[in-house]
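The structure appears below as structure tokens.
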Amino acid sequence: MTRPAPPRLHHIAVQTADLAQSVAWYEEYFGCRPTWSTDVFSPLTRDRLPGIVAMAEVKAEGVRFHLFEYEGTAGAQPLPEHPRFQHICLLATSSEELAERRRHWLALQATGRFAFAREEGPTDIVVDEDGVESFYFFDVNGLEFEFTHVPGGER
């Protein structure tokens, strides 16, 4: 089995109770600048994050944060079932690498050598309206990761 190249960080996803305040704080504290925001989500995102209403990306140098807010949480602390740390996204350099990363996860699971805290396999690879491809998966501890391929390298 061939091991893929080491991953590169794309973003860290964080739940917030006040999106505007969080964007402002990340600007002030980390020197981030807003790069995009949305209130339109794919069926996969709505399935994984029920009640999501808004998301914004802020970036400082090579570090991106995806800050997102759930319906009815403005001004409230996140519920225990909605952790503040949501996932870490790693960058794939091509569509082919993305597909290989997914195949590699499935191959490791098939060996039976690992006990997973969550029995869910990786999601299908989805493509958003900007052509960005991604899939989500859990490690053996139940921590969620995303691999993404951004055509053109930026978004």
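The values are calculated or read from the model by the stated rules, or taken from the named source; none is laboratory data. These numbers were taken from a predicted model, which means no experiment stands behind them. Glycine also receives a Cβ, built like all others from the backbone with ideal geometry; neighbour counts cover every protein chain displayed.
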If I ask for residues that are surrounded by 11 or more Cβ atoms within 10 Å (Cβ to Cβ), in a loop (DSSP other than H, G, I, E, B) and without any contact (Cβ under 8 Å) to a residue 60 or more places away in the chain, which ones from segment 118-129 would you list? R118, E120, G121, P122, I125
Any chance E146 is in contact (Cβ under 8 Å) with a residue 60 or more places away in the chain and closer than 18 Å to R3 by Cα: yes
The residue that is farthest from I88 (Cα to Cα), considering only those in segment 44-57 that are at pLDDT below 90 and not β-branched (V, I, T), is G51
Is at least one residue of segment 7-21 among the charged types (D, E, K, R) and surrounded by 13 or more Cβ atoms within 10 Å (Cβ to Cβ)? yes
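Here is a check on your reading of the model: is S134 of a type in the set (G, A, S), under 25 Å from Y26 (Cβ atoms) and at pLDDT 85 or above? Break it down into steps so the answer makes sense when it comes.
Details: of a type in the set (G, A, S): yes; under 25 Å from Y26 (Cβ atoms): yes; at pLDDT 85 or above: yes.
Against the criterion (of a type in the set (G, A, S), under 25 Å from Y26 (Cβ atoms) and at pLDDT 85 or above), S134 qualifies.
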Which residues, counting only those in segment 144-155, are modelled with pLDDT under 85 and exposed (fewer than 14 other Cβ atoms within 10 Å of the Cβ)? G152, G153, E154
Of all residues in segment 22-52 being of a type in the set (S, T, Y), closer than 16 Å to F65 by Cα and out of contact with any Cys (no Cβ under 8 Å at 6 or more places or on another chain), the one that is surrounded by the fewest Cβ atoms within 10 Å (Cβ to Cβ): Y29
